[in-house]
Every structure is written in C-alpha cells, then in structure tokens.
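For reference, the structure discussed in these notes is given below.
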Amino acid sequence: PTTVSTLSSTPLGILVLLYHHCTTFLASPSLLSLLLLLADLVLAFMWGLVQPFRWRSVCRREFPDRLMDMVGRKNLPALDVFICTADPHKEPPMSVVSTALSVMAFDYPTDRLSVYVSDDGGSEVTLFAFMEAAMFARYWLPFCRENGLQERSPEVYFSSSIGEKSDKMKMMYQAMKEKVESALQRGYVSGNDLIATVEELAIFKKWKGFTRRDHPSIIQVLLESGKDTDIMGDVLPNLIYLSREKNINSPHHFKAGALNTLVRVSSIMTNAPVVLTLDCDMYSNDPQSPLRALCYLLDPAMASNLAYVQFPQHFEGLNKDDIYGGEVKRLFRINSRGMDGFSGPNYVGSNCFFSRRALHGIRSSTLAPLDSHDSSEPRGWGSLRLDSVMKRAHEVASCNYEVGRKWGSTIGFRYGSLVEDYHTGYRLQCEGWRSIFCDPERPAFAGDAPKNLNDVLGQVKRWCIGLLEVAISKHNPLTFGIRNASLPMGLCYAHYAYWGSWCIPLTIYAFLPPLALTYQKRLFPEVFDPWFYLYVYLFLAAYITDLVDFLRTKGTIHRWWNDQRIWMVRGLTSHLFGTIQFALNHVGISTPGFNVTSKVMEEEQSERYDKGMFDFGIASPFFVVLGTAAIVNLSSFVIGIARAARIEGVFNEMFLHLFLSGFIIVNCLPIYEAMFLRKDGGKMPGNVTLISILMAGFLHLIGYFMFTN
C-alpha cells in the first residue's frame, strides 16, 4: 500500500517541481536555475522510464518432471553450449574449464549435448587446458552422476567442505590444475606437458608466429560423443575448441563476432535446435536447468515466437553487505520480472537458452534444427572429424565469411554496440519475438562478480558506452522500440539506453549545492516554505519505493544502502566517463577500446573485500572524481555548520543544502577512510588524494566567482 500510494502521487509532485523550476528560471534567468532545472528534468525523465518495470511483474514456476513424463528422455532436443573466453590472464583457463565441465555434466542425454569453447585470445594454453579437461571428464562425469552432485563445477565442489573428502578425484583435479597453471605462467605449452597423439602435438606448432589479432582459425574436436566414452562406458558429450580467424584488417566485432562464429560452426557440426550462451566464469549450479528452459521452448502455445529463455545471473562469494552492489539486483531480477509481463526480459549475455531458428529469424511451430533451406551454411552429418565437415567449419570461421551477408544485422547476435546482449535481445523483440524469465528457487547458474572497485566501474563504463551506441542510432528505443515492440517495452529498453544520463543530475547535485552552501547562496527553499515539503516528499518517496522494491526480492537493508551508494558512485564515474568517451568517439576522437574484465584477484585484495573494505589502491581517474566530491562536500558542510552555529536563521535557510551535503558525506565515509586513515594496500594513493584536494580547492574558487558576483 505504501508503494502504491507513493507511485500514484509522485507524478503530480514531479510536475509541480518542474513548474516551480520553470517559473523561477523565467522570472530570473540564471545559470544556477538552469542547471537545477536540467538536473530535475533528467531525474523526471529517468523516473518515467523506470515505471513500466512495475506495471506487470511476473513470477513463474516450472515442472521438469512433468516435461519428462510428456516428452521422454530419448526425445529431448539436442543442445549446443557456447562458452566464450578472450584473455587467459584475466580469465584463467582453469576457471573456463570448470565452467565447461559443469555443463558437460548436465542431467541431459550426453549424445545430444555439445560444448563449444570460443578462445578469442588464441591461447595455446587454453587449448592445452581443454585437452586435459577432456581426459578428466572421463572420470568427472560418472563421479557427478554416482554422487548426485548439484554443484558440478570441480573448482567449486573441491573448495567446499564436502568436496574435500573426495581425495582421489581431488588429487586428479589438482594435478591437472597445476599443469595448466604452470604452462600459463611460462606462457607456452612444453613437450613435457603433453600426453597426446602425434596429430594433437602438431596442433601446437600452428602457434608459431601467432598474435591475438592476426592468426588462422583453429578448430579441434577434443571429444566426440559417437566415439568417446567415460570410464563406465557411457557416451561423453561433444567438446570442441574454436579460435576463429583474426586479421588486423578485418573487424572482429568483439564477443558478438565470436558468438556468431560459434553459431555458424555449430550449425555445420551438430546443428542443435537449442543454444545456451554462458560467460566463461558462470558455472552450472543446477544440472536440471536445460529441462526448465525446455518447459517453455517445447510449449506449443509459445514455441512459434519464443526466442530465448533467460535465467538471472547469480553471484557467489559476495561479501556480507555487497559493498559494490555486485548482485545488480535491478538488472538481473527486479526489472527482468517487470519486462516478463510484456514481451519478456532483455538478454543479459549469459545463462540464456536460445532457439537457433530465432537467431536466423526463422519462425516454426516446433523446436527444430535448421535445414538446407533455412541458411546458407550446409549441415554436416556423420563424424565431426570428417575432412568435409572440418573444411566447411573453417570456412565459416574465416574473417571474410560475413562480407556481403547479413550476419550481425538481421542474423545472429547483433553488431553496432559494445553491449551485444542488450542489442540482440532488443532487436529480436522489435522483430516480434518474445522471451521468458526463468528464476527458480535454486539458482541455475552462478559465478563471480568483479570484486575490485576499479574493475566494477570500468565494466559499467563499457556498458554505458554500448547502451549509448544503441540510443544514438536508428534503433533508438523511444522511436524504433515503441513503434516495433510496444510502448512499455520501448520505455524499458530506453531506461537502459539512457543509463549514462544519470551523470547529469548526480554531478550537478554532488557539486552545485555544497558550493552554494559555502557561500550561503540558497538554491532550495528554507524550512517551513511550502516548497520545502515538496522536496522532502519527493526524496522520501523515491527512496522508500526503491527500498521496498529491493526488499521484495530478498534484499537486506544493509545491501540496499550499499546499492544506492554504488548507484551514486557510478553516476559520478562510470556514467560520466562513459558519456564523455562516447561523445569523443562520436566526433572522431580516438579513445581506449574494449577491455576484458579481470576474473583474477590478489589474496590481500580478496581479504579486504571479505572484510567489507573498499579498495582504492590504484591511481584511477575514477577515484579522483570521487575524492574531489568527498572533499567539496565535507569542507562545505563544516563551513555551513560553523556559520549556522554563529548566525541565527542560517540553519533554517540552508537546511536542505546541509542535509544534502551530510547525506553525501555519510555515503563517502569509505572514501575519507581510504584517503586519511588507512595504511593497507587498499588506501587511496597519495597522488590521487593530493589531486582531489587541489581540484576541490579549484572548484571552491570557481564557486566564489559564481556565487559572490
């Protein structure tokens, strides 16, 4: 009831506030009143875009046992799993191996299961790791079945108290891990590492003269279900390693290009009607997740226009209060449920089961593989290792295959944005496809969120740039999206597309009111002024609604507080720098390109994170902005309180300024601690602190000329 009444009266309050700003500006035009109007216009705009997520939220439940009774295990469709990795030093090969082994151990017919690993880093160590994994799988898969394991990632299982008791299997895994990590440390695979056939040894000779951006395609069938069995004599799933051809003169389209290569190669080799995309660190946490997805994909009532079933991303290892907002609860759960009431959730890049036909834009009343009439890629039959199959697979993995074809525009994963997941899901829904959000009680997949603050902010900056690339294009959600999907879906996708605009109000409110407080220039109404109560109401309404939404999805007060803090931090850093970088790119000024988020964490850094301590240990421009905002608000608050203690009436006159600076100071406590109190490796570097103080002084100087003339 509180949320409903708040939502119903908030639009009127927002309109009244904007009216107040407009009349104030027209009566006495000034830069200050214009900036406040701009800030509140953007806040009102973003508030409007977020409302459709609350209109029709849906929760679903699946019954895999009923599916098995109706379809039967022998009639389940084939499944191709795509796992992408791009840098063996930021995405350790053993982490990728554990993810692959966890899905190879799905509770699913192994003769219908194929796992493809795309190595965009072109690393011989990654291939070596998967050659070792292929041997280990012969023991691991029977072990999972016999013991009824739910967590089938060996890395996760052997790190648990239960896994420590499995001495023999753990020793095998540790031996494999040591060999792979030793090769990674050396940077190459030596002859002593290998226990392989002459053919497998020859493959490593291809790496001579290799660079990440210039090399031929490599496709290696490591396991073939028609020939390879485990130690119990049961068929093993297919396991295929792929490193697509790269050429410095040909665009490779980052992850979207890798996924499209996987779509084509897999259509030649196995052509499963269902495709699962997974991040390399997002392991299977429920072996029955394919059956849950098939509850929808095999439903005749929705099969003809169902493009994908999206599971939420769930992160393990977050500290108690999730100081960096790593759950990303709104994106992965709250908003996905809201979109599911319309055409379905957006694609979030991992944990997603696609209908292969949807990726080709082909509708069908049943879930079926492609045939020769559906696509230019002919289907391969028989052994995966046949020369004809391998020759055609190499052809479709070449740099030039897409030239003159519609890949990335109307077929496959869409190009034109760094956030290929958002762009692909959005375009599919604009073409009339729908999706389903599947969020079972036990998370289907789990992984690790970035636990380094600079990596967290860098990742969000990259998202911001990619989203703006869609917003400033002919596929703008407010025009193209509303026209081709629906009004609610267009608004939902626009909410993400304009994420970067959060930097406008957050930057204005972080610096303008405290500077005004320093020079006693009132921007907001004083206490007991009727307009004062409007500001108080809108602040409380926004925060209460946000808190209720968060708690409804099993959040906690402490996690909510950190979540709203990291929202403000992103606005001043990721969104601000992302918007600036996008603008520079748009006018032709070169800026740094795509960076893979590191999955590696130092031991001391991990310990600080587990204790709930923010990590500011590197000299990052993000931290300069945060430090500057923290110093400006602290100094202004001290000056304002001192003045209010000496001069009667100042407290009432400047109360909203004092409250806003005080609120920011409370949120900045970890920053002050890192700047002035801490001595560990996570403290703010001295040069960053010094620059922040100098920048704060410079802003106060600018404030002097703005507010005293």
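The values are calculated or read from the model by the stated rules, or taken from the named source; none is laboratory data. Computed from a predicted structure; not experimentally measured. Positions of Cβ are generated from backbone atoms using ideal geometry, with glycine treated the same way; all protein chains shown enter the neighbour counts. Heavy atoms of the whole protein, side chains included, go into the accessibility calculation; ligands, DNA and RNA do not. Shrake-Rupley method; radii C 1.70, N 1.55, O 1.52, S 1.80 Å.
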So how exposed is residue 480, as accessible area in Å² (1.4 Å probe, rounded to 10)? 40 Å²
Under the classification rounded if a/c is under 1.5, otherwise prolate if a/b is larger than b/c and oblate if not, where does segment 409-517 fall, given a ≥ b ≥ c as square roots of the Cα gyration tensor eigenvalues? oblate
So what is the calculated 222 nm ellipticity per residue for the chain, using -39500 (n - 2.57) for each DSSP H run with n of 4 or more, over all residues, to the nearest 500 deg cm²/dmol? -16000 deg cm²/dmol
Kindly write out, for segment 360-365 in residue order, the coupling ³J(HN,Hα) from the Karplus curve 6.51 cos²θ - 1.76 cosθ + 1.60 (θ = phi - 60°), rounded to whole Hz, with x marking Gly and Pro. 9, x, 10, 8, 8, 6
List the extent of the Cα atoms of segment 1-155 along each of their three principal axes, largest first, rounded to whole Å. 78, 45, 25
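Rounded, prolate or oblate, given the Cα gyration tensor of segment 403-466, with a/c below 1.5 counting as rounded? Walk me through the numbers before you get to the answer.
On the way: a/c = 2.66, a/b = 1.30, b/c = 2.05.
Since a/c reaches 1.5 but b/c is at least a/b, the shape of segment 403-466 is classed as oblate.
With the cut-off at 21 Å, tell me which of the pairs 329/461; 320/451; 90/406 have Cα atoms farther apart than that.
Values: 329/461 18 Å; 320/451 13 Å; 90/406 32 Å.
Those over the limit are 90/406.
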Considering segment 464-525, what Rg and Dmax in Å follow from its alpha-carbon atoms? 17.0, 51
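Just the C-alpha atoms of segment 295-424: what Rg/Rh do they give, with Rh taken as the Kirkwood radius? Intermediate results must be reported in sequence, preceding the final value.
On the way: Rg = 18.4 Å, Rh = 17.6 Å.
When Rh is taken as the Kirkwood radius, the ratio is 1.05.
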Table column - 3J(HN,Hα) (Hz), segment 111-118, Karplus curve with 6.51, -1.76, 1.60, x for Gly and Pro: 6, 10, 10, 10, 10, 10, 10, 9
With viscosity set to 0.692 mPa s and temperature to 37 °C, compute the Stokes-Einstein D of segment 27-70, Rh being the Kirkwood radius across alpha carbon pairs; µm²/s, no decimals. 221 µm²/s
Would you mind computing the Rg to Rh ratio of segment 502-635 from its alpha-carbon coordinates, Kirkwood style for Rh? 1.02
Tell me the relative contact order for the chain as a rounded percent, counting alpha carbon contacts under 8 Å between residues six or more apart. 16 percent
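Among the trypsin sites (Lys or Arg not before Pro) in segment 546-579, which ones are in a DSSP loop with at most 16 other Cβ atoms within 10 Å of the Cβ? Mind listing them? Present the calculation step by step, with values, prior to reporting the outcome.
Numbers: sites: 552, 554, 559, 565, 570; in loops: 554.
Here the trypsin sites (Lys or Arg not before Pro) that fit, given the DSSP loop and packing criteria, are 554.
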Under the Karplus curve 6.51 cos²θ - 1.76 cosθ + 1.60, θ = phi - 60°, whole-Hz ³J(HN,Hα) for segment 58-67, x wherever Gly or Pro sits: 10, 10, 10, 9, 10, 10, x, 4, 5, 4
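Just how large is the dipole of the chain about the Cα centre, in debye to the nearest 20, putting +1 at every Lys and Arg Cβ and -1 at every Asp and Glu Cβ? Walk me through the numbers before you get to the answer.
Details: 67 positive and 67 negative charges, 244 e Å.
With only Lys, Arg, Asp and Glu charged at Cβ, the dipole is about 1180 debye.
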Cut-off 10 Å between beta-carbons: net charge of the residues surrounding residue 93, Lys and Arg +1, Asp and Glu -1: -3
For the chain, give the share of DSSP beta bridges that are antiparallel, in percent and rounded to the nearest 5; count only bridges with both residues there. 40 percent
At a 1.4 Å probe, what is the % contribution of carbon and sulfur to the accessible area of the chain? 59 percent
Counting only residues 5 or more apart in sequence or on a different chain, those whose built amide H sits under 5 Å from that of residue 276 are 80, 81, 82, 354
So, with +1 on the Cβ of K and R and -1 on the Cβ of D and E, and no other charges, what is the size of the charge dipole of segment 4-130 about its Cα centre, to the nearest 20 debye? 700 debye
Å² per residue, accessible surface of the chain at 1.4 Å: 42 Å²
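Take every Cα pair under 8 Å in segment 208-338 that's 6+ residues apart, average their separations, divide by the length, and report that relative contact order as a whole percent.
Numbers: 82 pairs, mean separation 18.5, N = 131.
With pairs under 8 Å counted, the relative contact order is 14 percent.
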Residue 584 - accessible surface, heavy atoms, 1.4 Å probe, Å² rounded to 10: 60 Å²
Area of residue 431 that stays accessible when all protein chains are in place (1.4 Å probe, Å², to 10): 70 Å²
Using Cα centres only, tell me the gap between segment 297-316 and segment 405-468 in whole Å. 15 Å
